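Inspection log for the structure reproduced underneath, given as structure tokens.
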Amino acid sequence: MFDIDDSALDKEKCYTTIGELPHYVDPKQPPTRKSPFSTVSRHCFVHSTELILPEEIYQAAWDSIANKISICQYAKVFMSLSDILDGEFFNKYIKTGTQICYSNILMISEGQSGVDNVYSLRDGILRLELDKSSYERAGLVGKSVRSGGKKHVASRYVVEINLRLPSMLHGKKGFERIRFIPVLRSIRSRCSHQKAFTTNLLVHLNKVTFPKCPTPSFTPSTFQAESEQAISELSDTCVEIQEWLALAFLGTPRLNADDSIDPYLSRYSVPNKENCTSSNLVKLTWKGLLPSHWITQLLIATLRSTAGSDSWFAISSHALGKEAVEGKDGYMILAPPCYKADTTEDNALKSDQKQPRRKFVCWEYVGCPWSAS
């Protein structure tokens, strides 16, 4: 028999990146091409973000972090795509990209990628994912995408339209053609991130404390490798730390210091438990439609507020599914402790390049065929 199934379906991947953060990150112009900031920017539609850090760091730095991040809001709207392209809504919220409060609109429709006709809107770029019959009836130019069905049969298509081009105006032939496509009237918007809406929903923030959790040692030497054997050991270490962080975000009882469970039900044990320190952890969870620039704000604010402390924190985000095959499902970022450099008068004039940089570990998850939506 011929292998006609898509080989990428049901094959989840995790890309691990270990690197050093820059000495200084400008909150107004954060880097976009280097990890972990590039990973954050690639996940445009996030439905939940979690921050976990030791309780003493939370008590010392949270007020500073909260003052540096904006209030995140979103709205649920029930209107077809053709309604969005008509009249005042289009001119005020989409076309006007010069005003700060209007330029960051983010929208995603209801439906499941790979099954339904769906759309998303980001930075004025309208992205339509249509089935073959709808694509042919629409008469738009697009490209085929993988859908998880037969590997060499094109059944799904993506069309991208820049709505902020000068030609995208009411009365122009090209724009009027888009407005009156029949299939667009059946696709309904689900939620949108926009501060200027009159009926906004605040992103829900929840705080949970986990007492006496055995915490691994996140020293700089933990993430260094110079030989092939050390690289193999580093890979195992990253897997163990990733598993520990995932369980910490879940709040599982397996991380309690006095946990006892039948090994028939769970055989998990904290790695290098004899070298772990017991600490109280605080987890903060935001739920709603979270744009990537807000998560970047949170990451930079936490980095700056914890720069002078010998502690760590981790951020985890879960994305809304936009692609049926090899879609971006989320990521987890760990910032180990930043140990202070020598700041005596003799070394005060040394350049920033000689100061130790803070390391990071980023895990990016790709390939879950039906991620949360």
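Values for this structure:
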quantity	calculated
Any chance residue 218 is surrounded by 15 or more Cβ atoms within 10 Å (Cβ to Cβ) and modelled with pLDDT under 85	yes
Qualifying residues in the stretch 237-265 (those that are among the acidic types (Asp, Glu) and in a loop (DSSP other than H, G, I, E, B)) - the one farthest from residue 279 (Cα to Cα)	262
Residue ID - surrounded by the fewest Cβ atoms within 10 Å (Cβ to Cβ), chosen from residues in the stretch 270-296 that are farther than 25 Å from residue 317 by Cα and out of contact with any strand residue (DSSP E or B) (no Cβ under 9 Å at 6 or more places or on another chain)	274
Residues within the stretch 130-146 that are touching a residue at least 40 places away in the same chain (Cβ under 8 Å) and surrounded by 16 or more Cβ atoms within 10 Å (Cβ to Cβ), tallied	6
Segments classed as helices (runs of 4 or more DSSP H), wholly inside the stretch 1-120, with at least 3 members that are modelled with pLDDT of 80 or more	37-42, 55-68
Residues within the stretch 220-279 that are within 28 Å of residue 49 (Cα to Cα) and among the aliphatic types (A, V, I, L, M), tallied	11
Some residue of the stretch 291-306 being assigned to a loop (DSSP other than H, G, I, E, B) and either over 28 Å from residue 112 (Cβ atoms) or at pLDDT below 85 (or both)	yes
Residue among 57, 71, 52 that is under 30 Å from residue 280 (Cα atoms) and surrounded by fewer than 18 Cβ atoms within 10 Å (Cβ to Cβ)	71
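This table checks each residue for (1) closer than 27 Å to residue 289 by Cβ; (2) modelled with pLDDT under 85; (3) of a type in the set (S, T, N, Q).
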site: 310; (1), (2), (3): no, yes, no
site: 315; (1), (2), (3): yes, no, no
site: 324; (1), (2), (3): yes, yes, no
site: 347; (1), (2), (3): no, yes, yes
site: 351; (1), (2), (3): no, yes, yes
site: 359; (1), (2), (3): no, no, no
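One line per residue, one yes/no per condition, for (1) under 26 Å from the mean Cα position of the chain (by Cα); (2) over 26 Å from residue 20 (Cα atoms):
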position	(1), (2)
240	yes, no
246	yes, no
251	yes, yes
254	no, yes
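The values are calculated or read from the model by the stated rules, or taken from the named source; none is laboratory data. If you're wondering where the values come from, they're calculated on a predicted model, not measured in any experiment. Note that we place each Cβ from the backbone using ideal geometry, even for glycine, and neighbour counts take in every protein chain shown.
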